[in-house]
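> My questions will all concern the structure given below.
Any read-out appearing in this document is the output of simple, stated calculations on the displayed coordinates, not a laboratory observation. These figures come from a predicted structure and were not determined experimentally. All Cβ positions, even for glycine, are placed from backbone atoms using ideal geometry, and neighbour counts span all protein chains on display.
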Amino acid sequence: MTSLQEIRDLVRKSAPRDWHQIGEGPTYRSRFAYSKGPRGHWRLEEDSHHTVMVYLPDVDLTIAYGLDFDPSGSHAPEFEWSKVFPDESVHISLADIFWGGSLVDRVAYVLVDGDRGTLPIGGGHNGLRVTSWQGSAHSGSSSTGCRSKSPNSIRPP
């Protein structure tokens, strides 16, 4: 039996060469929601992670990322710390960790500076209470390619 802590340790200790990235086409890690379309008609919408990373030493471990935290876009978060970037807008996304196809953990991250970089986000005031796991997961996933669609990742201090 594999524990959540063992899975987290695999992610923390992994190197970029340990991961295979699947980025084009469907990821089969989707969620569905209803919304009102033209003339008030209900419609079904699909939202999905844009990329899946497969851990090569044990393909039971996968990380899917890119799913919007707020797919409706109705809540544009604002943080005092984001004002240091030329583009102050932030966008929160999710990275989901799967073991044997089962969702076992989730880490939120923030796309900053017009999606040119990523940072971990936690709880507390302005999302600044980041646990060591959230910071490690972000640092590890950034090195494996889990980031915005741009090549720049901003590491936590």
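> Given H placed 1.01 Å from N in the peptide plane, which residues other than close sequence neighbours of residue 50 have an amide H under 5 Å from its amide H?
Under 5 Å from the amide H of residue 50: 65, 66, 67.
> Quick one: 3J(HN,Hα) in Hz for segment 17-23, Karplus 6.51/-1.76/1.60 with θ = phi - 60°, rounded, Gly and Pro as x.
These are the phi-based 3J(HN,Hα) values: 5, 7, 10, 10, 9, 10, x Hz.
> Using alpha carbons only, what's the Rg to Rh ratio of segment 55-115 with Rh from Kirkwood?
1.11
> Tell me which chymotrypsin sites (Phe, Trp or Tyr not before Pro) from segment 17-72 have a DSSP coil assignment and no more than 16 other beta carbons within 10 Å of their own.
Answer by residue number: 28, 69.
> Set the Förster distance to 35 Å, then compute FRET efficiency between residue 79 and residue 41 from the Cβ-Cβ distance, nearest 0.05.
0.45
> Apply 1/(1 + (r/R0)^6) to the Cβ-Cβ distance of residue 94 and residue 20, taking R0 = 30 Å, and write down the FRET efficiency to the nearest 0.05.
0.90
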